[in-house]
1. Go through Lys89/Lys427; Lys62/Lys89; Lys94/Lys373; Lys89/Lys200; Lys204/Lys255 and tell me which ones have a Cα-Cα distance over 31 Å in this structure.
2. So how much slack lies between Lys313 and Lys165, counting 0.36 nm per residue of separation and subtracting their Cα-Cα distance, in nm?
3. Strictly over 23 Å apart at the Cα level, which of Lys313/Lys354; Lys139/Lys421; Lys315/Lys354; Lys184/Lys421 would you flag in this model?
4. Within segment 304-347, list the residues whose amide N lies under 12 Å from a label point set 7 Å along Cα→Cβ of Lys427.
5. Could you list which residues have their amide H under 5 Å from that of Thr154, counting only those 5 or more apart in sequence or on another chain, with H placed in the peptide plane?
6. Tell me the label-point distance for the pair Asp231, Lys376, using the 7 Å Cα-to-Cβ offset, in nm and rounded to one decimal.
7. Counting only helical runs of four or more DSSP H residues, what would the 222 nm mean residue ellipticity of the chain come to if each run contributes -39,500 (n - 2.57) and the total is spread over all its residues?
8. What do you reckon, how do Arg67, Arg53 stack up by accessible area (1.4 Å probe), largest on top?
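The values are calculated or read from the model by the stated rules, or taken from the named source; none is laboratory data. As the structure is a computational prediction, the values presented were derived from the model and not from experiment. FYI the Cβ positions are ideal-geometry reconstructions off the backbone, even for glycines, and counts take in every protein chain you see. Areas reflect the complete protein model, heavy atoms only, side chains present, ligands, DNA and RNA absent. Shrake-Rupley method; radii C 1.70, N 1.55, O 1.52, S 1.80 Å.
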Amino acid sequence: MRTFNLGLGQCGRYVTYEMYKQMSQPRYLPIFDQFDFFTGDFEQITHKDELERAGVTYIKEKEIHHRSLSTQTGGGVGGLWFVSKEVAKQEFSKFYESIEGIYPFDSSVFNFVHSGGGGTGCGTGPTFLDLIYEKVQEKWKKEKKFEETIFFSTLVLPFEGESAKYPITESNSAAAIGRYMESKAHSVFLMDNSTVDEIKERDKISGLSREIANRWIAQWWIWLTAASTEDPSILTYEVSFETADMRRHFYNGDKPGIIIPCYKEYSIEYFTKGNFTLYGLIAKTLQNYLLTNCLIEKFRSIVIFIIIPMRLKEKLQPILPESHKIGAWLTDTFDHEDHFVSYIHHDTPTNTLKIVAFLSDPYIPIFVDYYNKFKKVVYSKNDLEHMIRRAAPRHVSKNELQYFVEEGRSEYLKAFEKYEKFLKKEKYELEGS
Ligand SMILES: Nc1nc2c(ncn2[C@@H]2O[C@H](COP(=O)(O)OP(=O)(O)OP(=O)(O)O)[C@@H](O)[C@H]2O)c(=O)[nH]1
Ligand SMILES: [Mg+2]
């Protein structure tokens, strides 16, 4: 599985740097080889300095390519995604030109990474996805191949406390979800920063939440790639997770699937000395380490990878159930048929057993919370106007501001309707509708 990774806006950039850093470690090189890294932002960044600050050291002559999206909006768009959405449309052909030379046409996955709460990533992500999708489709057709590239979004939701300071973050995130649901995306992978904070506090993990979140995103991408990368010298597995499996589990058929990843590392001592069975450990992981809170009783399908260091394979073999038994256990426990379970034996120097899972289309309580806040913003003229005024640059004239407000209101309303339609279709219970 070859992936082209496009990080947009600040969050998209930082997650991309972290992916590069993690994947370029010697033990992940077969995965690193499968990735191409690209970033785009409005901010005037000096790419080289920034990479240095982020601790990225290039290896194997692989760069993180970067393109400034426009020089007009120097310091980002302050959360106003409808502004960056327009610029994305206008600047698309120039932007695509710079990707085209680098983008390996045989990439099986195109991954758009950005935050929901900001303006640049939120505005450009769904717009670029649809435009790039058309270009890629055209190429596949020309080649007369019955194949397609899978389009994913990795969307980072805001921290809980942020909305007090920037009330726009939650409505923006809901707007991004609404717009993606009507886009060509196959799936939207969610990472909720506020869930990371909860896990951190509960497990007493130290470190910056953002950095932890970015590391976990990089990890789930590593193991998703590992599961379908045929490089037996480094990775072996019982069954390979092919891109066709990805489509089946992650795409909902008539709309993009919402995918909640789950990630946890256990020390082998913890696993062997404690009174845990692997079943118990999987259950515990699903209860506690889904990266966006959701009700695990309700989901469409589940994919689980259990990663075992190669040299402990023999030692652990007697206590590992065969993967079809885990499948049967999942069916019994969750009354659910659609699953994929596989072991990955990884030649790693660390002594950890990792569980990585992906839940498709579970019930996500925070979606209702976003809905209520978004609705209030959209239908309260003052709230939206106030938000836009706060986010707009100071130098704009009164007339320009008025234009911003009108344009903004209509764009937020359109996105709200898409979001509402999606929630209703998924049978979320919404007050007053
Ligand atoms: N997990 C994580 N979240 C981040 C990171 N950087 C920013 N965020 C979150 O992203 C949101 C802000 O969006 P940004 O990505 O900074 O915005 P942007 O896309 O650059 O858009 P502008 O508003 O134009 O600057 C907030 O909810 C932040 O908490 C990061 O490196 N990791
Ligand atoms: Mg920014």
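1. With Cα atoms farther than 31 Å apart: Lys89/Lys427; Lys94/Lys373; Lys89/Lys200; Lys204/Lys255.
2. So the chain would gain 48.3 nm between Lys313 and Lys165.
3. Cα-Cα > 23 Å for Lys139/Lys421; rest within.
4. none
5. Here the answer is Phe112, Val113, His114, Phe189, since their amide H atoms fall under 5 Å of that of Thr154.
6. 4.9 nm
7. Using -39500 (n - 2.57) per qualifying helix, the result is -15500 deg cm²/dmol.
8. Solvent-accessible surface, decreasing: Arg53, Arg67.
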